[in-house]
Amino acid sequence: MTPVFNDMASSSPAQPLYSIILPTYNEVENIAVVVWLLHSAFETLDSKFEVIVVDDNSQDDTQAVVKGLQSWLQQQQKSSLKRFENLAAAIKLIARPGKMGLGSAYASGLQQAEGEFVILMDADLSHHPKYLPQFIQRQRETGCDIVTGTRYRYGGGVAGWGFTRKLVSRGANLLASAFLGASMSDLTGSYRLYRRDCLVKLLAETSSKGYAFQMEVIVRAQYSRHTVEEVPIVFVDRLYVS
C-alpha cells in the first residue's frame, strides 16, 4: 500500500467518508479516467471519499499510472487551487503478487478502508461513477445497509452486449432469484454501496468465487435481514482492453 498523505481525513456524521475499492488487472487505459469521474461525481455531494486500488500484478502499466496519479494529486492538494478537497486521502495502492480472486481483493481493500461506507465497483468504466450520487441519496433517505445497482429495473440496462448475452444474463438472474427466494432483481451485479460493518460480516461468511460470489453476498444480506435498496444503472461493456 502506498498512501499519499499521513494525515487521513476523519469521518463525521455531517460529512461521512466513502471508501471506494477498485480491483484492477490491466486497467492502464481506464484507471485515471475512473478517478477523474469519481472526483466529478463527489463534487456534487457533501462528502469526502478515498480510492483504494487493489492491483493483482497487472502486466501493463496500471500500477505506474496509479503512482503517477498519487504524485500529481499530492501536488494538487498542496496548491492554492484546492481542486481536490473532497478527495480525503488521495489514492492508496495495494499491489498483490497475482490474481487472487475478487473476494480477496475486496477483503484486502477493506483492511485499508477508513470510510463508514464502502463502495465496490469495476475499474473498467462499465460502472459509471455518475450513479453514485443516486446511491448515496437513496442510502441517506432510507438508512439502508446496502444500495445495489440493477440492470433489470425500469431505467436500467446494458450497452455493448449482444441479444444472446443479454438473454442468458437475464435468464440466469430470474432463475437464481426464483430458486433462492431473492427479492433483488440483479443478483450478479457488482456495483454496490455497503455500510462498512455490514460488508465485513458478509465477506467473512461468503465462500463462493467468480459470478457466484456477488450472488452469495447479496442473498446472504437478504437472509441476514440487512436492508437493501436498488438503483437502476446502465452497465456498459468495457471500453478499453489492454
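The values are calculated or read from the model by the stated rules, or taken from the named source; none is laboratory data. Predicted model only: the values in this text are computed from it and were never measured. A quick note on method: Cβ atoms are made from the backbone with ideal geometry, for glycine too, and the neighbour counts reach across all protein chains shown. Side chains are part of the model used for accessible areas, which takes the heavy atoms of the whole protein and leaves out ligands, DNA and RNA. Shrake-Rupley method; radii C 1.70, N 1.55, O 1.52, S 1.80 Å.
For THR24, which sequence-distant residues (separation of 5 or more, or a different chain) have an amide H within less than 5 Å of its own amide H, given hydrogens modelled in the peptide plane?
Counting only residues 5 or more places away or on other chains, the set is VAL54, ASP55, ASP56.
On the protein heavy atoms, probe 1.4 angstrom, tell me the percent of accessible surface of region 135-242 carried by carbon and sulfur. Don't skip to the end; give the middle numbers.
Values: 3310 of 5670 Å².
Heavy-atom surface of region 135-242 belonging to carbon and sulfur, 1.4 Å probe: 58 percent.
Mark the label point 7 Å from the Cα of LEU37 along Cα→Cβ and return the residues of region 123-154 whose backbone N is within less than 17 Å of it.
So the set is 123-136, 149-151.
So if R0 is 30 Å, what FRET efficiency would ARG96 and GLU141 give, r being the distance between their Cβ atoms, rounded to the nearest 0.05? Intermediate values should be presented prior to the final figure.
Numbers: r = 37 Å, r/R0 = 1.22.
For R0 = 30 Å, the calculated efficiency reads 0.25.
Taking the alpha-carbon distance from LYS48 and a cut-off under 15 Å, which aspartates and glutamates remain once sequence neighbours fewer than 8 residues away in the same chain are dropped?
LYS48 reaches ASP7, GLU85, GLU114, GLU116.
Once the other residues with Cβ under 12 Å from the Cβ of ARG225 are scored (Lys, Arg +1; Asp, Glu -1), what is the net sum?
Values: positive: LYS201, ARG220; negative: ASP145.
Residues close to ARG225 contribute a combined charge of +1.
Given labels modelled 7 Å from the Cα in the Cβ direction, how far is it in nm from GLN111 to TRP72?
2.9 nm
Roughly how much of VAL158 is accessible, in Å² to the nearest 10, using a 1.4 Å probe?
Ignoring ligands and nucleic acids, VAL158 comes out at about 30 Å².
Give me the one-decimal nm value for the distance between modelled label points at ALA212 and LEU180, 7 Å along each residue's Cα-to-Cβ direction.
Inter-label distance under the simple model: 1.1 nm.
Give me the number: length gained by fully extending VAL200 to LEU167, i.e. 0.36 nm times residue separation minus the C-alpha to C-alpha distance, one decimal in nm.
Numbers: separation 33, 0.36 × 33 = 11.88 nm, distance 3.32 nm.
Length gained between VAL200 and LEU167: 8.6 nm.
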